[in-house]
Amino acid sequence: MSSKKDSFSSKDKSYMKLAINLARARKGLTGENPSVGCLIVKDDKIISIGQTGYNGRPHAESNAINNSFQDLAGAKMYVTLEPCNHYGKTPPCTKSIIKSDIKEVFYSINDIDNKVKGKSFKILTKKNIKVRRGLLKNEAIDLYDSYVINRKYKMPFVTAKIAVSKNKLIYSEKVKRITNQTSDKLSHYLRFKNDGLMISSNTLNIDNPKLNCRLSGYEKYSPKRIILDKNLDIRMNTYIYKSVKNDNTIIFHNSSNHSKIKALKKRGINLIKLKLTTKKKFNFRTILKKLFSLGIRNLLVEGGEKITKNMLKNRLINQFYLFESLKTLPKTKKYVIFTSSNILIRNYKVKSKISSKLAKDKITIYKR
Ligand SMILES: NC(=O)c1ccc[n+]([C@@H]2O[C@H](COP(=O)([O-])OP(=O)(O)OC[C@H]3O[C@@H](n4cnc5c(N)ncnc54)[C@H](OP(=O)(O)O)[C@@H]3O)[C@@H](O)[C@H]2O)c1
């Protein structure tokens with residue numbers, strides 16, 4: 001929410017809200033660049049809109065400028081993030097804004113990138129363009145949560161999810177399904193919005209999951225599959241093994257099984273050998289840094305009990321989706337209990353809750 005004392009009109013706020021929604025819609029799909037939304041308004045009419053292109057280019061401002069059929073002279077621009085001012089893979093947005101004769105620019109927050117931060121304000125005001133910052137700042141801070149983590153820590157923004165039964169089980173040998181189909185849709189939406197999805201080979205071999213996004217029309221946005229597999233236990237009859245293609249699979253391991261290494265490499269899997277800690281584990285921070293270097297900016301972790309607990313304890317999860325079903329699962333033979341509720345309550349805040357009378361699972365979103 002914006003501060004009560006700010007001097008922005010309610011119209012300014014609603015235009016920026018639309019720009020933020022444009023950016024949100026593309027969040028997670030703009031590769032290494034932040035998702036930006038942009039609106040151009042003239043005589044109180046929206047005359048053009050722009051979003052950052054898929055994979056980060058073109059920028060939202062140049063899309064909005066180039067998409068317009070109208071003369072932009074005298075128009076106002078509402079953009080969620082400070083426009084860029086340097087030559088990268090695209091020319092500076094400040095240059096296109098100046099050239100278009102736009103007379104006023106509103107943006108929510110400064111870019112955290114040192115090449116840009118605060119500089120566009122000076123460049124634009126020098127050219128007699130009125131610049132106003134801070135419009136819906138808090139909404140924009142929330143929008144750019146992942147971008148800030150990416151830039152500051154050189155690590156992906158981590159979202160984790162887990163499904164828990166009424167009696168706190170995350171697995172029971174007898175029953176495969178915990179949550180309902182509506183929850184499944186949200187899970188697939190999370191896969192759509194993340195560029196990597198991490199699980200253990202233990203879960204892979206037990207559940208044989210597909211790990212893809214199965215929302216109709218969005219299949220091509222399925223995330224890269226990332227498997228933690230210390231001893232290269234992945235079974236060759238699993239769906240993931242059989243569906244390796246185009247660099248879509250990474251396995252972290254610590255194995256010297258040369259024949260398996262050879263077979264997995266030949267299949268096209270990106271095998272990354274990592275040292276183990278004294279407790280014979282991978283260091284999750286090292287994994288996150290490595291994934292960042294491979295271009296992963298938003299990571300979804302669909303961990304079981306061990307991965308989830310370890311990452312929550314070490315505060316490596318930025319956002320957590322807890323799916324709670326009303327089903328009670330049988331505690332016969334093999335079952336796994338979720339034991340991280342206390343860590344969640346201690347280290348995280350509830351951001352929002354989703355529940356519906358029809359689809360009876362309860363979903364709580366926690367954030368750090
Ligand atoms: N309900 C759900 O949402 C959900 C989600 C995922 C999985 N599951 C279920 O959970 C069950 C598996 O539970 P789980 O607790 O074993 O799963 P998990 O936590 O996902 O994975 C455990 C496996 O990952 C390895 N691992 C964990 N942290 C590691 C680290 N830092 N370095 C290297 N290896 C590491 C473990 O190795 P070590 O043996 O060396 O510890 C173990 O083999 C499956 O049956 C699956 O169906 C449920």
Exercise for the section: Kindly list, by first and then second residue, each pair from a residue in segment 264-287 that is more than 17 Å from ARG225 (Cα to Cα) to a residue that is more than 12 Å from the ligand (Cβ to nearest atom), limited to pairs with Cβ atoms under 8 Å and residues at least 6 apart or on different chains. Expected result: LEU274/LYS290; ARG285/MET155
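Restricting attention to segment 251-270, which residues are in contact with a strand residue (DSSP E or B) (Cβ under 8 Å, 6 or more places away or on another chain) and of a type in the set (A, V, I, L, M)?
Kept after step one, since they are in contact with a strand residue (DSSP E or B) (Cβ under 8 Å, 6 or more places away or on another chain), are these residues of segment 251-270: 251-255, 261, 264-265, 268-270.
Passing the criteria: ILE251, ILE261, LEU264, ILE269.
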Practice task
Determine, yes or no, whether ASN180 is out of contact with any helix residue (DSSP H, G or I) (no Cβ under 6 Å at 6 or more places or on another chain), of a type outside the set (Ser, Thr, Tyr) and within 16 Å of the ligand (Cβ to nearest atom).
Solution key: yes
Completion exercise
Filtering segment 342-368 down to residues that are surrounded by fewer than 11 Cβ atoms within 10 Å (Cβ to Cβ) and part of a strand (DSSP E or B) yields LYS349, SER352, LYS353
Handout entry: From ILE226, ILE234, ILE206, ILE178, residue being in contact with a strand residue (DSSP E or B) (Cβ under 9 Å, 6 or more places away or on another chain), assigned to a strand (DSSP E or B) and farther than 30 Å from PRO83 by Cβ
Key = ILE226
Fill in the blank from the handout: So, first residue over 20 Å from ARG24 (Cβ atoms) in segment 70-95, second residue exposed (fewer than 12 other Cβ atoms within 10 Å of the Cβ), Cβ within less than 7 Å, six or more apart or across chains; the pairs are HIS86/LYS115
Problem - segment 29-45: number of residues that are surrounded by 18 or more Cβ atoms within 10 Å (Cβ to Cβ), more than 30 Å from ASN194 (Cβ to Cβ) and of a type outside the set (Lys, Arg) - result: 2
Problem - Neighbours by Cβ (under 7 Å, 6+ apart or cross-chain): first from segment 177-202, more than 20 Å from ASP361 (Cβ to Cβ); second part of a helix (DSSP H, G or I) - result: GLY196/LEU291; LEU197/ARG191; SER200/ILE307
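Name the strands (runs of 3 or more DSSP E) wholly within segment 2-105 that hold at least 1 residues that are at positive phi and among the small types (Gly, Ala, Ser)?
On the way: elements: 37-42, 45-51, 76-81.
The strands (runs of 3 or more DSSP E) meeting that bar number zero.
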Exercise for the section: Could you tell me whether any residue of segment 156-167 is of a type in the set (Gly, Ala, Ser), assigned to a loop (DSSP other than H, G, I, E, B) and on the phi > 0 side of the Ramachandran plot? Expected result: no
Exercise for the section: Could you list, in sequence order, all residues of segment 248-301 that are near the ligand (Cβ under 10 Å from one of its atoms) and part of a strand (DSSP E or B)? Expected result: PHE252, HIS253, VAL301
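Rundown of residues vs (1) within 26 Å of the chain's Cα centre (by Cα); (2) within 25 Å of ASP43 (Cβ to Cβ); (3) charged (D, E, K, R), yes/no style:
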{"position": "PRO58", "(1), (2), (3)": "yes, no, no"}
{"position": "ASN63", "(1), (2), (3)": "yes, yes, no"}
{"position": "GLY74", "(1), (2), (3)": "no, yes, no"}
{"position": "THR80", "(1), (2), (3)": "yes, yes, no"}
{"position": "CYS84", "(1), (2), (3)": "yes, no, no"}
{"position": "LYS103", "(1), (2), (3)": "no, yes, yes"}
{"position": "PHE106", "(1), (2), (3)": "yes, yes, no"}
{"position": "ILE109", "(1), (2), (3)": "yes, no, no"}
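Could you please give the count of residues in segment 307-323 that are in contact (Cβ under 8 Å) with a residue 60 or more places away in the chain, more than 10 Å from the ligand (Cβ to nearest atom) and either surrounded by fewer than 19 Cβ atoms within 10 Å (Cβ to Cβ) or outside any helix (DSSP H, G or I) (or both)?
Number of matching residues: 5.
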Practice task
Please work out which residue is farthest from the chain's Cα centre (by Cα), limiting yourself to segment 324-350 and to residues that are within 11 Å of the ligand (Cβ to nearest atom) and among the aliphatic types (A, V, I, L, M).
Solution key: LEU329
Problem - Every residue from segment 234-251 that is touching a Lys or Arg at 6+ places or on another chain (Cβ under 6 Å) and either touching a residue at least 40 places away in the same chain (Cβ under 8 Å) or closer than 9 Å to ILE269 by Cα (or both) - result: VAL244, ASN248, THR249
Handout entry: Residue selected from segment 194-222 under the condition closer than 24 Å to ASN55 by Cα, surrounded by 19 or more Cβ atoms within 10 Å (Cβ to Cβ) and not polar (S, T, N, Q), by the criterion farthest from the ligand (Cβ to nearest atom)
Key = ASP195
Handout entry: Near pairs, Cβ below 6 angstrom, 6+ apart or cross-chain, from segment 109-126 (closer than 19 Å to LYS152 by Cα and modelled with pLDDT under 95) to any residue that is of a type in the set (Val, Ile, Thr) and part of a helix (DSSP H, G or I)
Key = ILE112/VAL148
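The values are calculated or read from the model by the stated rules, or taken from the named source; none is laboratory data. Please read all numbers here as calculations on a predicted model, not as lab measurements. Please note: Cβ atoms are built from the backbone with ideal geometry, for glycine as well, and neighbour counts cover all protein chains shown.
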